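Chemist: Just passing along the structure, written as structure tokens.
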Amino acid sequence: MIQAIATLLIFQLAGEVLARLAALAAGTLTAVVSALAIAHAMGGSSETLASLAPKSATAPVAMGIAEQIGGLPSLTAGLVILTGILGAVFATPLLGAFGLRDPQATGFALGLTSHGIGTARALQLDEVAGAFAATALALTGLATALLAPPR
């Protein structure tokens, strides 16, 4: 009986972890690809593209990535801050409009899209949301670093 319950809990936890990893991959990839596609379509230079690519990671990570791939860390810092502010202001009402009120999902979305500023906003909403936002912030930095093309 205990073994069956433990097995069920492991499968449930594995499903939640896989869902979070899928959200992380989709969110990180979408942020990088969409920003690069728009900037490229608008005639952005390779230096601008390299500065824009890591904008969805937290500032210290994004600046390091930008420097490594030939971007301007100062431009990246400004883009990260802008992304964080816009996400913290608009993400919560937008998620609410779509009926998403789960603190785990809200926090994860805020941390993934809005870095430190979004994590601070998530902490204002709920402790659980803040914990999931901090987790997403760290994982997004790692995923962005792994996705960044080598110089």
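Every number in this text was worked out from the coordinates using simple rules, so none of it is lab data. Fair warning: this is a prediction, and the values are worked out from it, not measured in the lab. For neighbour counting, all protein chains shown are included, and Cβ atoms are generated from backbone atoms with ideal geometry for every residue, glycine included.
Chemist: In the chain, if the dipole is taken from +1 on Lys/Arg beta carbons and -1 on Asp/Glu beta carbons about the Cα centre, which of GLY71, LEU146, THR28 is farthest to the positive end?
Modeler: GLY71
Chemist: Separate question: I need the phi-derived Karplus couplings for segment 63-80: 6.51 cos²θ - 1.76 cosθ + 1.60, θ = phi - 60°, integer Hz, Gly and Pro marked x.
Modeler: 5, x, 5, 4, 5, 5, 9, x, x, 9, x, 5, 5, 4, 4, x, 5, 5
Chemist: Okay, next question. Could you tell me the calculated FRET efficiency between ARG101 and ILE38, based on Cβ-Cβ distance and R0 = 41 angstrom, to the nearest 0.05? Don't skip to the answer; put the middle values down first.
Modeler: Working: r = 31 Å, r/R0 = 0.75.
Once rounded, the FRET efficiency stands at 0.85.
Chemist: Just how large is the dipole of segment 2-147 about the Cα centre, in debye to the nearest 20, putting +1 at every Lys and Arg Cβ and -1 at every Asp and Glu Cβ?
Modeler: Its charge dipole is roughly 120 debye.
Chemist: Starting at the first residue of segment 34-46, write each ³J(HN,Hα) from the Karplus equation 6.51 cos²θ - 1.76 cosθ + 1.60 with θ = phi - 60°, in whole Hz, x for Gly and Pro.
Modeler: 5, 5, 5, 5, 5, 5, 5, 5, 8, x, x, 6, 5
Chemist: How large is log10 of I(q)/I(0) for segment 2-147 at q = 0.09, 0.18, 0.19 Å⁻¹ when the intensity is taken from the Debye formula with one equal scatterer per alpha-carbon?
Modeler: Listed by q, the Debye log ratios stand at -0.30, -0.97, -1.05.
Chemist: What number, rounded to the nearest 500 deg cm²/dmol, is the helix-based mean residue ellipticity at 222 nm of the chain, given -39500 (n - 2.57) per DSSP H run of at least four residues and division by all its residues?
Modeler: Counting only the DSSP helices, I get -29000 deg cm²/dmol.
Chemist: Let me ask something additional. Tell me which of ALA53, LEU112, GLY87 sits at the most positive position along the dipole axis of the chain, charges placed on C-beta atoms (Lys, Arg +1; Asp, Glu -1).
Modeler: ALA53
Chemist: Using the per-residue mean of other Cβ atoms lying within 10 Å as a proxy for protection, in what order, highest first, do the peptides 57-68, 123-134, 90-101, 22-33 fall?
Modeler: 57-68, 123-134, 22-33, 90-101
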